[in-house]
Every structure is written in C-alpha cells, then in structure tokens.
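The block underneath contains the structure these notes are about, expressed in structure tokens.
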Amino acid sequence: MTKKILLTILGIVLLVAMIIGIKAMQIMDLIASGKTFQIPPISIQVTEAATQSWADQFDAVGTIESVQGVTLANEVAGKVEKVAFESGSMVGAGDILVLLDKASEEAQLRSAMAAAELANLNLTRTRELRKTSVISQSELDTAESQHKNTAARVEELQWMLQKRTIKAPFAGRLGIRQIREGQFLQTGAPIVSLQSLDPVYVNFSLPQQRLSDLSVGMKVQAKTDALPGRIFEGRLNAIDAEIDPLTRNIALQATMANKDGGLRPGMFASVSAIAPEEKTHTVIPAMAVIFAAYGNSVFVVKEEADKEGKAHLVCDQKFVRLGSRKGDFVAVEEGLEAGEKVVSAGGFKLHKGATVVIAEGERPALSTSPQPPEK
C-alpha cells in the first residue's frame, strides 16, 4: 500500500515538472521573439509646409443692428382716431402714421386764441392810457403779463395738437403694429417699431491681442445662415475705447450696405475682418493640427537611420502657435519652418518617435494660394 502511494506521488511530481518545463520553454520563446519583434510602420499622408502671402483674416460672430431704430410711442395720452400705416410697410421721413383724437384740444385752442386776442387789445389800450398817466405802471405790467400768459397758452395747445399727429422720424421699415383704432393710449405706449435697414451696423468683438492688427476703414465681410451663399461687405467704422475686463475682448462695429433689406436687426452673422495688407505665412492644412487644451501641435516626418544603417521615416511632435485661417488652411506663426513635412492624415494614430510610411493617395496641394470654400 505504501509503495503505491509513493509511486502515485512520484508520478504527480514528474507530471508537474513536465508542465513547468513546457511553460518555461514557451516563455523563453516569447521573450526571444519579443526581442526581435518590430512594430510595423504606421501608414500616413504628408504635406509640405509652404510659404504663401495673404491678408490676415480675423473671424468672429456678430449681431446686426440698425443705424437708426426706435419703437415709436405717443407723447400725449389720447384715443386713436386713425392708424395710417400697414404692418411691415416702408415709410419715408415725415409720413403720418397715427392720428389721435384732438377735438378737445382744438376747442381749447380756439378759447385760448380768443383770450389772447382780448389780452392783446387790453395791452394796447393800457399802453395808450399809461402815456397820459391815467393808469399806474403796475396796471400796465399786469396787462403785459396777461398778454404773455395767453400767448404761451396758445403755443402750448398748438404743441399738444402737433403731438396728436404721430409721424415717422426717419425713413425705414415698420414692424407689426401694437395699437388699434378706438384704443385709448396712455403716454409712452408702444405703437410700432421703425428700423432703418440701409445701411446697417454689424457689432462683433475680437481678442485683445488682435488690437494692433485692427484699423478703422479695414474691410469686413459678413455671412448669415438666413441668406446662404451671400456675402455682405462693409468697412470697420468704430473700435471701442476700452477692453472688456471679463472677456478681454474689444468691441468693434462695421457698417454694411443692405439695399434689399436682407439683413435685419438682431440677426446672427459670421464676421471676418480682413487686414489691408498681405503678409507672408508658413501654411499647412488645418486638418494637420492636433488641437488640445495644453497646446496645439503637429507631427513632422523626418528620415533617420537604424542600427543597421537602413533609412526609415519617423515622426516628431512639435508644438505650434497658429495665426489666421483661410478656408481649409491655417498659418503657423511659431514652431514650424517652411519645407518641413507634416502629417496631414493619420495623425491620431501617432506618437513621438513612431515609425511611419507614406501612403499613396490624394494630398492637399499648396501650390496655389488657399482660398475660402465660398470663393
């Protein structure tokens, strides 16, 4: 019995030793193959950084504002007698828009004019009597004061009558009316919006580091998704005197022609301020840039020799400072030299020092000046 137990134990030990030996051999083979294993090169596409000249373009978002725009309101209370306009219509300066009931003021004016006429006659007689010293100087002063009071009352009522006819202060397009005939209007009640649509202002802002690049009179372009395919052009007419301390942006205002009234106040627009002079830039496709919170970078491809002296391509990551954009291309202000080959496709698979191979395929060409897609 003891002999069987010993033989069984010996068999188990031999089996375990065989398993350990096999696994050890497998591990040794894996270690040996790992020493000789090489990661296959990553397939990429490259573009050579080129030198191009273009005018810097600074993009922003803006809001359309009318040069003249008001919500008309009445200065005196009264009942609406007539509404002389249609919602959304065009009007000229001085056109009558609303007539308020003025019967009471007209009656008061007739009474005031009669009182003023009587005061004028009394003043004339009093002056004649004063020349003969029949009356005192104080009676003459009283007559002159009464004459002035009645004249002032006539002027007041005439002004009130004028205010009961509401006219357009300037030419423009009316909005939707907010009153009805027969309605009693309190003083200051809104009547209708009036906006001058040609020209219009475009208000936008740019970071403070662009301040030195801005000048009054520089060209500005605007686009809006409400009018796809159209580009509105104008000029920068105002640069704010201060920088916003919260956003560190400077407010800007451009004036643009709007003959057909396509741009409306309050509309959102994509705005581009274009520098008056062209500058030479090192240009690469925007898709070659790896954007990150810690800094923007590109992968540059260069040739190196391995231990055996064979040449192969490797990539190196360079941090860059970007400038203006134009279409699908971006200018590099620092970190890259013209002529360097940058990875334009496949960069998301790379790391510094990775071996690469250039794949055949269409590559972005920089032989001509980059143009925005809408051009």
Next on the checklist: Considering only segment 26-42, I want to know if a residue exists there that is among the charged types (D, E, K, R) and in contact with a Phe, Trp or Tyr (Cβ under 8 Å, 6 or more places away or on another chain).
Outcome noted: no
Checklist entry - Can you tell me how many residues in segment 342-375 are modelled with pLDDT of 75 or more, of a type in the set (D, E, K, R) and either assigned to a loop (DSSP other than H, G, I, E, B) or buried (at least 19 other Cβ atoms within 10 Å of the Cβ) (or both)? => result 1
Checklist entry - Restricting attention to segment 120-153, and to residues there that are of a type in the set (A, V, I, L, M) and at pLDDT below 85, which single residue is surrounded by the most Cβ atoms within 10 Å (Cβ to Cβ)? => result A143
Checklist entry - Taking segment 128-153 as the search range and keeping residues that are in contact with a Leu (Cβ under 7 Å, 6 or more places away or on another chain) and in a helix (DSSP H, G or I), which one is farthest from L197 (Cα to Cα)? => result R130
Item to check | Exclusive hit being in the same structural domain as V343 (by TED's automatic domain parsing) and closer than 15 Å to A60 by Cα, set M287, M256, M267 | outcome: M267
Checklist outcome for this item: Inside segment 89-112, the number of residues satisfying the requirement of being surrounded by fewer than 16 Cβ atoms within 10 Å (Cβ to Cβ) and either under 45 Å from the mean Cα position of the chain (by Cα) or not in a loop (DSSP other than H, G, I, E, B) (or both) is 13
Item to check | Listing of strands (runs of 3 or more DSSP E) fully contained in segment 186-260 that carry 3 or more residues being within 15 Å of the chain's Cα centre (by Cα), in contact (Cβ under 8 Å) with a residue 12 or more places away in the chain and buried (at least 16 other Cβ atoms within 10 Å of the Cβ) | outcome: 200-207, 219-223, 232-243, 249-256
Checklist entry - Residues in segment 279-331 that are surrounded by fewer than 18 Cβ atoms within 10 Å (Cβ to Cβ), small (G, A, S) and not in a strand (DSSP E or B): how many? => result 6
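The values are calculated or read from the model by the stated rules, or taken from the named source; none is laboratory data. Remember, it's a predicted structure, so these values are computed and weren't measured experimentally. Positions of Cβ are generated from backbone atoms using ideal geometry, with glycine treated the same way; all protein chains shown enter the neighbour counts.
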